[in-house]
1. From the set of residues in segment 335-351 that are in a loop (DSSP other than H, G, I, E, B) and in contact with a helix residue (DSSP H, G or I) (Cβ under 9 Å, 6 or more places away or on another chain), which is farthest from ligand 1 (Cβ to nearest atom)?
2. Does segment 299-334 hold any residues that are part of a strand (DSSP E or B), touching a Phe, Trp or Tyr at 6+ places or on another chain (Cβ under 8 Å) and either over 25 Å from Arg249 (Cβ atoms) or assigned by TED's automatic domain parsing to the domain that holds Asp32 (or both), and which are they?
3. Got a number for residues in segment 214-242 being assigned to a loop (DSSP other than H, G, I, E, B), within 16 Å of ligand 2 (Cβ to nearest atom) and buried (at least 19 other Cβ atoms within 10 Å of the Cβ)?
4. Which residue out of Thr85, Thr112, Thr106, Thr152 is more than 29 Å from Lys287 (Cα to Cα) and either within 16 Å of ligand 1 (Cβ to nearest atom) or buried (at least 24 other Cβ atoms within 10 Å of the Cβ) (or both)?
5. Kindly provide the set of residues from segment 304-318 that are loosely packed, with under 11 Cβ neighbours inside 10 Å and either at pLDDT 90 or above or more than 16 Å from ligand 1 (Cβ to nearest atom) (or both), ordered by number.
6. Would you pick out the residues in segment 447-457 that are more than 39 Å from the chain's Cα centre (by Cα) and surrounded by 15 or more Cβ atoms within 10 Å (Cβ to Cβ)?
7. Could you figure out which of (1) part of a helix (DSSP H, G or I); (2) more than 38 Å from the chain's Cα centre (by Cα); (3) at pLDDT below 80 isn't true of Asp442?
Amino acid sequence: MGLIYELTVAAPPGDVIGYDMARLADAMDIKDPARLAVETHGSQGLVTIYPEDPLADVLLPDPEYLVMDSTGRIWVGLHHNGRRTRLRLYDPKSGSAQRMLLFGTTGAGKSTGGQIILAGMKRSGVGVFYADLKGGQSAPEARGNCDWCVYTQEGAIAQLRTFWNVMKAREIRYAAAGRSKFLMDRPDPLMYMVVDEANRLLEKGAPYRDEATFYIKDIGRTGRSLGMGIALFAQAGHLEELGGSDTLRSMLKEGEVILLRWTSNLMRQLVSDGLLPAGQKLAAIPKYAGAVELVSQFDDTEADEDRPGTQGSGYHLSGLHPTARTRFFKVGSEMPTDGLDPEMLALYGDGPHSVLEKESWQDAGEAYVGKLDGMEAYQAACPEKFEEPEDGGGGRGRGGNRGGGGRGARSAPVPVIPAPEPRTAGRLNLTDRVLAVLENNDGEELDAQEILAAVNADGGRKVSLGGVRNALTGLHG
Ligand SMILES: Nc1ncnc2c1ncn2[C@@H]1O[C@H](COP(=O)(O)OP(=O)(O)OP(=O)(O)O)[C@@H](O)[C@H]1O
Ligand SMILES: [Mg+2]
């Protein structure tokens, strides 16, 4: 291995270092710009010259390393200087789940990096609802390694709604138990809702844009302290393409953000939106790595037509070193395989994946329990959309929306309700319903079974004995 040179550069205080990678490499007579890494922060700069591209082959020593560490982070790749790239899934100090955004242009490596994250989640005991809006092509190996996979827009909405229902159920349960924080696996698992190709759900004109934006925003806002995180993998040219820039901006600023190869449009937006801190510049990620040689027609040698790609390279914007180039581990088989890729499957391992706590299954409902997809899932998760109108007429009735069921159906009505009633809370929450039973009983002693029977007879949503016990614990506490 050759020598590594590191130069520190300083501009006059108050100045911001700007540079052009290609010109810098040229000035130093470096043919392959990937040998050069430049990190900047305001007037400070760090230039590292490597004998070869330090991120040409980033190998995962063993899939076992994908398990979350004691700080709640998973190791997904390396920075140019050999430092680990670690993404936080959980903050044990505040007991919170995270928001995550992985974005870049088409072919930048989102879905593959996403599989590393999914495998890390599985190996760390995180329960995952995974929606792939490319019909299951993005990460075929995720099926069977996540709690619930769907491949349609309707399925994604059903998952979001279900995830949201569970979030509300946990909220009530935790409040009743006097808990202000989520504690992983005590007793509920950390859960993530992951949407790959989230742009298809959120772009302008997408059939469920408003509904999806509502759920994602609300989960992003309140899911953290309930152990319910959200991760979006998206291809975006403009931030507005992702459900309106407000949602995204707050997610970008506070969540885990990885930016892979981008388009110039997106970069302009990031800068003008202030999403890239002032004084930090990112060197563009070219599509191909390696030096470009000019070959004379009189020369015998042929330039190699198959230059290595840069997939999986990008920046961990929310990390400690946002301007340090990073790369996801190189995973999967060298050549495409027929069917599922055994190397990808090995990432996830043979062990069982985590599932949603039984206590919430009733709130999750049929769509979850039956692991439904398509219009069937949508109808089960959002029954209010399919109710007959009071006057019995109108085109939004049950029959009218059934026709387009199945994968990829887009005939559903565009949602009109921005803030749906949670099924969980119903009109009254469970604690209130238990209280009502106790108050109506004139002080006579009731055991939990009797309270359960009375609560279930009050005309509201059916509840479980565990739910009643939790509510009682909360009341006693
Ligand atoms: N971390 C990685 N390790 C190995 N190969 C990778 C990695 N990331 C990407 N690739 C290669 O690049 C190809 C494109 O990557 P991927 O499908 O993940 O990109 P994408 O950003 O999801 O693209 P799209 O927008 O089309 O969905 C993959 O099929 C794979 O061959
Ligand atoms: Mg993809």
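1. So in segment 335-351, the residues in a loop (DSSP other than H, G, I, E, B) come out as 335-341, 349-351.
In the following step, the residues that additionally are in contact with a helix residue (DSSP H, G or I) (Cβ under 9 Å, 6 or more places away or on another chain) were identified as 337, 339-341, 349, 351.
Working: Thr337: 11, Gly339: 15, Leu340: 14, Asp341: 10, Gly349: 18, Gly351: 22 Å.
That would be Gly351.
2. Gly309
3. 3
4. Sole residue among the options that is more than 29 Å from Lys287 (Cα to Cα) and either within 16 Å of ligand 1 (Cβ to nearest atom) or buried (at least 24 other Cβ atoms within 10 Å of the Cβ) (or both): Thr152.
5. Correct list: Asp304, Glu305.
6. Within segment 447-457, the first condition is being more than 39 Å from the chain's Cα centre (by Cα), and the residues that meet it are 447-451, 453-454, 457.
Answer for segment 447-457, where residues must be more than 39 Å from the chain's Cα centre (by Cα) and surrounded by 15 or more Cβ atoms within 10 Å (Cβ to Cβ): Ile451, Ala454.
7. Of the numbered conditions (1) part of a helix (DSSP H, G or I); (2) more than 38 Å from the chain's Cα centre (by Cα); (3) at pLDDT below 80, the odd one out for Asp442 is (1).
Residue by residue, here is whether (1) surrounded by 20 or more Cβ atoms within 10 Å (Cβ to Cβ); (2) out of contact with any Phe, Trp or Tyr (no Cβ under 9 Å at 6 or more places or on another chain); (3) in a loop (DSSP other than H, G, I, E, B) holds:
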position	(1), (2), (3)
Leu160	yes, no, no
Ala169	yes, yes, no
Leu183	no, yes, yes
Val195	yes, no, no
Pro207	no, yes, yes
Ala212	yes, yes, no
Trp262	yes, no, yes
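The values are calculated or read from the model by the stated rules, or taken from the named source; none is laboratory data. From a predicted model like this one, the values you see are computed outputs, not experimental measurements. As a convention, Cβ positions derive from the backbone with ideal geometry for all residues, glycine included, and neighbour counts pool all protein chains shown.
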